[in-house]
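Quick notes on the structure that follows.
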Amino acid sequence: MSSTSTATRRPIRLGMVGGGQGAFIGAVHRIAARLDGEFALVAGAFSSDAERARASATELGVEPDRAYLSFEEMAEGEASRPDGIEAVAIVTPNHLHFGPAMRFLQAGVHVLCEKPLTATLADAEALAQAAEDSDRVFVLTHNYTGYPMVREARALVRSGALGAIRVVQAEYAQDWLTEAAESTGSRQAEWRVDPARAGLGGALGDIGTHAFNLVQFVTGLDLDKVAADLSSFVPGRRLDDNDHVMMRFSGGAKGMLWASQVAPGCENGLKLRVFGKRGGLEWRQEDPNRLEFTPFGEPKRVLTRGGAGTGPDAARVTRVPAGHPEGYLEGFATIYREAAALIRARDEGRAPSQAILAPTAADGLLAMRFVDACVRSSRDDSRWTAIGRESA
């Protein structure tokens, strides 16, 4: 079992773009970054509004001379300091991922970026290439990959315990956009339903990419084609709020993905089911410490985080004894801890442990190709559409 906060070296100096007062995801990232003692927030461009940026910095204990009004100003200002930031967390709306990420990669700063990677496929292609060409670490914060029992599910699939995968079903259902929340002053809703800020996908880009990434992370299957039906049920809404996607994978496996933000009674209903020739498994985000695994012809086995029968992949990212719940914040913190391990290895000129699993810009590019193919398929009345570089 891992320790909760055993970093013995100096914390990595972290900056943040976005995440000012009232920003939910910014607070989540800050908690995750410090949970294991690996990072210290020292600078930020928390808002383009000067008053809000300064107030945010004061609340967070960031020195006034390191509270910037733009990411460009922060990149320049921190580069001139001997104690400048070593990594940056980008927690802005989708359309503001590309610019900061590129600028900080060019400045030699490691990047942790919110998903989806960018708002457009073209930007995703360019950013993924820049990350590959850079000597800096780029981590995309698909936080659900940090859950111990998701790691256990991945290990079971990769070990062959399920046999050849035949069927995958993923869903992420919420209800918070059942009505036009974007018209009632909800800042979280406003940008998510605006194509200029969210990109091509509404629910698909916001939560569908999480479900898709979970499929890829656990199964490792290579997606070939999709047939998608994207809907906007709320009158006047310009982006999808409910999505049904059929998937075909190389090798013959089939899948279905449902993403919805108009499903009353659903809060954060992320679920994954994987069925192979020899067995199946099921994991639910709202009960994240439990994984159901059923070998064909045998009774269902319930594996729990930290419990008997759970393997080393889950144990490596487990912080507290079995029965004490771990969840959303710890999953996020695991991504930050994995990022820190990669950053330290890179800066020290050594190879990182093969056990480290952190989503990359390449994973983000694949998700953007998925979104793009789904949009093209839906526009063509759910025609089977290949995953590729052609953009909608």
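Please compute one quarter of the surface area of the Cα convex hull for the range 248-392 and express it in square nanometres.
Working: hull surface 51.1 nm².
Across all orientations, the range 248-392 yields a mean hull projection of 12.8 nm².
For the listed peptides 299-312, 279-292, 85-98, 35-48, a ranking on the average number of other beta carbons within 10 Å per residue, highest first, reads 85-98, 35-48, 279-292, 299-312.
Counting charges near Met246 (Lys, Arg +1; Asp, Glu -1) among other residues having Cβ under 10 Å from its Cβ returns a value of +2. Summed over the residues of the range 11-98 and divided among them, the accessible surface reaches 42 Å² per residue at a probe radius of 1.4 Å. Under the combined filter of DSSP loop state and at most 13 neighbouring Cβ atoms within 10 Å, the range 309-370 retains these trypsin sites (Lys or Arg not before Pro): Arg350.
Among 360-368, 110-118, how do they line up from the highest to the lowest mean number of other beta-carbon atoms within 10 Å? Mind dumping the intermediate values first?
On the way: 360-368: 23.1, 110-118: 26.9.
Highest mean packing first, the order is 110-118, 360-368.
Sorting the Cα pairs of the range 310-392 by distance into bins of 5 Å, from 0 upward, gives 3, 12, 15, 14, 12, 11, 12, 11, 8, 3, 0 percent per bin.
Calculate what fraction, in whole %, of the accessible area of the range 285-386 sits on carbon and sulfur atoms when a 1.4 Å probe is rolled over the protein chains. Please list the in-between numbers first.
On the way: 2540 of 4730 Å².
Accessible surface attributable to carbon and sulfur in the range 285-386 totals 54 percent.
Per residue, the accessible area of the range 117-252 comes to 36 Å², computed with a 1.4 Å probe over protein heavy atoms only.
Taking a quarter of the surface of the convex hull around the Cα atoms of the range 153-270, what do you get in nm²?
Numbers: hull surface 30.9 nm².
So the mean shadow area of the Cα hull is 7.7 nm².
Couplings 3J(HN,Hα) for the range 172-183, derived from phi with the Karplus relation 6.51 cos²θ - 1.76 cosθ + 1.60 (θ = phi - 60°), are 9, 10, 10, 10, 6, 10, 4, 10, 6, 4, 5, 9 Hz, where x marks Gly and Pro. For the chain, the spherically averaged projection of the C-alpha convex hull amounts to 19.2 nm². Taking only the C-alpha atoms of the range 170-234, Rg followed by Dmax gives 13.7, 41 Å. Per-residue ellipticity at 222 nm, computed for the chain from helices alone with -39500 (n - 2.57) per DSSP H run of at least four residues, works out to -10000 deg cm²/dmol. Sorting the segments 204-211, 127-134 by their residues' average number of neighbouring beta-carbon atoms within 10 angstrom, most packed first, yields 204-211, 127-134. Each DSSP beta bridge with both residues in the chain is either parallel or antiparallel, and the antiparallel ones are about 60%. Electrostatic tally near Arg350: other residues with Cβ closer than 15 Å to its Cβ, Lys and Arg +1, Asp and Glu -1, net 0. Rolling a 1.4 angstrom probe over the range 110-208 with all protein chains present gives an accessible area of which 48% lies on carbon and sulfur atoms.
The values are calculated or read from the model by the stated rules, or taken from the named source; none is laboratory data. The structure displayed is predicted, hence computed values, not measured ones. Please note: Cβ atoms are built from the backbone with ideal geometry, for glycine as well, and neighbour counts cover all protein chains shown. In case anyone asks, the SASA skips ligands and DNA or RNA and just uses the protein heavy atoms, side chains included. Shrake-Rupley method; radii C 1.70, N 1.55, O 1.52, S 1.80 Å.
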